[in-house]
Amino acid sequence: MGTAEKVYKLISRLPETSVAVDDYRTVGAVTRFVIDDRQEVLIDHDGEVVETGRSGDPDITVRLSSTDVIALVAGDLSLTRMVTSGRLVAEGPIFQSIGVVRAIGRLSDEGE
């Protein structure tokens, strides 16, 4: 499994992680994640993975590299560093985007 696919699988586990999904639901947005410009996942307001187009247009599009997502989840890269270095590219409200990425950072990579 490639790195982008691993990150897709990790983000898709959002509904199974109570702390992360609660954080995500607080943001209240439909989010389209683009990983390495080749893998996409759409998460609805409730934190569930949906097919593109099933939940309307996304409120936020977040573009991330798979290596940055893995480093964020592992605690090796901070959200602040991602924002200030331009590693987090978001279309839509920036504070919602930050909240979404913060929720992803709370996912655990255990068992992968």
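Taking the listed residues Ser65, Ser55, Ser12, the one that is at pLDDT 90 or above and in contact with a strand residue (DSSP E or B) (Cβ under 8 Å, 6 or more places away or on another chain) is Ser65, with no other qualifying. Of the residues contained in region 21-41, one or more are found to be in a strand (DSSP E or B) and among the charged types (D, E, K, R). For Ser97, the criteria (1) assigned to a loop (DSSP other than H, G, I, E, B); (2) within 10 Å of the chain's Cα centre (by Cα) hold in every case but one, which is (1).
State yes or no: is Val49 under 13 Å from the mean Cα position of the chain (by Cα), modelled with pLDDT of 85 or more, buried (at least 18 other Cβ atoms within 10 Å of the Cβ) and not basic (Lys, Arg)? Considered against the rule, which asks whether it is under 13 Å from the mean Cα position of the chain (by Cα), modelled with pLDDT of 85 or more, buried (at least 18 other Cβ atoms within 10 Å of the Cβ) and not basic (Lys, Arg), Val49 comes out as no. Within region 15-34, being modelled with pLDDT of 90 or more and of a type in the set (A, V, I, L, M) holds for Val27, Ala29, Val30, Val34. Each residue in region 52-86 was checked for being free of Cβ contacts under 8 Å to residues at least 24 places away in the same chain and either part of a strand (DSSP E or B) or surrounded by 17 or more Cβ atoms within 10 Å (Cβ to Cβ) (or both), and 4 pass.
The values are calculated or read from the model by the stated rules, or taken from the named source; none is laboratory data. These figures come from a predicted structure and were not determined experimentally. Cβ atoms come from the backbone with ideal geometry, glycine included; neighbour counts cover every protein chain shown.
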